[in-house]
Amino acid sequence: TAIEALRAGAGDFLLKPFRVTQVLNAFKHGLERARLKRENWVLRRSLSQRTPAADGLVGRSIVIRGLQAALQRVASVDSTVLLTGESGTGKELAALALHRLSAHAPAPFVPVNCARASAAAIEAELFGQTGSGERRDGLFVYAQGGTLFLDEVNELPLPLQATLLRAIETRRIRPLGSEQEIPVELRIVAASSRPLRDEVDAGRFGRELYYRLQVVE
């Protein structure tokens, strides 16, 4: 029975009668395996998206020095940050620098491009999914304790914007197909290639979500 359970995907098994310490150790080992799995996934994702300039901001101009000083100040404040600028201006590099300067640096930096997938796919990627005997953790879970970078957040459809707003307000997420909520603790840095204020005025972006994201802009 134990062999069949392990082949079916069980992480561990206990023989009756068992002691409380055995149960606690089983949970401890399971959580450790889950943590290693998340770290391995984040590492592989980071390596696949790594660019030669991803180690930090490069430059000695007044503008770059001003940006570096601003990031230093913001890093010490654990608030949501909104970065705006045209494509190619280095918003992800600024987000990565912000992560490395903050108290979240030991935990993962998880970037996601909100414009590269359908609404259903990006929702499952962000919040996770359960069903058909399988469970897939979302990027909110993988970024626990660290920074979740939402690039091109302006491309999120309005219904998904409402889901994101609730996650930011409650610090809890609900995977697709699940009735249970998962608490999350992380920093969110969002980026937009278009001024979000204009998107709000045009009715393409939620006003409440905009105010939640631009605590520091």
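With a cut-off of at least 1 residues that are farther than 20 Å from His99 by Cα, name the strands (runs of 3 or more DSSP E) lying wholly within the range 109-212.
129-131, 134-136
Checking the conditions here, which among Ala120, Ala115 is open to solvent by 60 Å² or more (accessible area, probe 1.4 Å), more than 28 Å from Arg33 (Cα to Cα) and modelled with pLDDT under 95?
Ala120
If Gly90 passes every condition in (1) touching a residue at least 40 places away in the same chain (Cβ under 8 Å); (2) buried (at least 17 other Cβ atoms within 10 Å of the Cβ); (3) at positive phi; (4) not acidic (Asp, Glu) but one, which one does it miss?
The single condition Gly90 does not satisfy is (1).
Going through the range 182-206 one residue at a time, which ones are among the charged types (D, E, K, R) and surrounded by 14 or more Cβ atoms within 10 Å (Cβ to Cβ)? It would help to see each step written out before you state the result.
Pass one, the range 182-206, residues among the charged types (D, E, K, R): 185, 187, 194, 197-199, 201, 204.
Listed by number, the residues that qualify are Arg187, Arg194, Arg197, Glu199, Arg204.
Filter the range 93-112 down to residues that are hydrophobic (A, V, I, L, M, F, W, C) and open to solvent by 20 Å² or more (accessible area, probe 1.4 Å) and give me whichever is farthest from Gly59 (Cα to Cα).
Here is the first cut: in the range 93-112, the ones hydrophobic (A, V, I, L, M, F, W, C) are 93-98, 101, 103, 105, 107, 109-110, 112.
Subsequent filtering for residues that are open to solvent by 20 Å² or more (accessible area, probe 1.4 Å) retains 93, 96, 101, 103, 105, 107, 109.
Values: Leu93: 13, Leu96: 16, Leu101: 17, Ala103: 24, Ala105: 22, Ala107: 27, Phe109: 23 Å.
If we take residues in the range 93-112 being hydrophobic (A, V, I, L, M, F, W, C) and open to solvent by 20 Å² or more (accessible area, probe 1.4 Å), then Ala107 is farthest from Gly59 (Cα to Cα).
For the range 1-32, what are the residues that are outside any loop (DSSP other than H, G, I, E, B), under 20 Å from Arg135 (Cβ atoms) and small (Gly, Ala, Ser)?
Ala5, Ala26, Gly30
Pairs only if they're at least six apart or on different chains, beta carbon under 8 angstrom, first in the range 205-217 and modelled with pLDDT under 95, second outside any helix (DSSP H, G or I) and open to solvent by 50 Å² or more (accessible area, probe 1.4 Å); list them, first residue then second.
That search, which allows pairs on different chains as well, returns Val216/Val77; Glu217/Thr84.
Residue under question is Arg135, and the condition is that it be free of Cβ contacts under 8 Å to residues at least 40 places away in the same chain and more than 22 Å from Asp78 (Cα to Cα); does it hold? Let's see the steps before the verdict.
Working: free of Cβ contacts under 8 Å to residues at least 40 places away in the same chain: no; more than 22 Å from Asp78 (Cα to Cα): yes.
No; evaluated as a whole, the condition is false for this residue.
Looking at His29 and the list (1) under 19 Å from Leu139 (Cβ atoms); (2) modelled with pLDDT of 80 or more, which single condition is not satisfied?
It fails just one condition, (1).
The values are calculated or read from the model by the stated rules, or taken from the named source; none is laboratory data. Keep in mind that what you see is a predicted model, and the values were worked out from it rather than measured. Neighbour counts are summed over all protein chains in view; Cβ atoms, including those assigned to glycine, are modelled from backbone coordinates with ideal geometry. Protein only, heavy atoms only, side chains kept; ligands, DNA and RNA dropped before computing areas. Shrake-Rupley method; radii C 1.70, N 1.55, O 1.52, S 1.80 Å.
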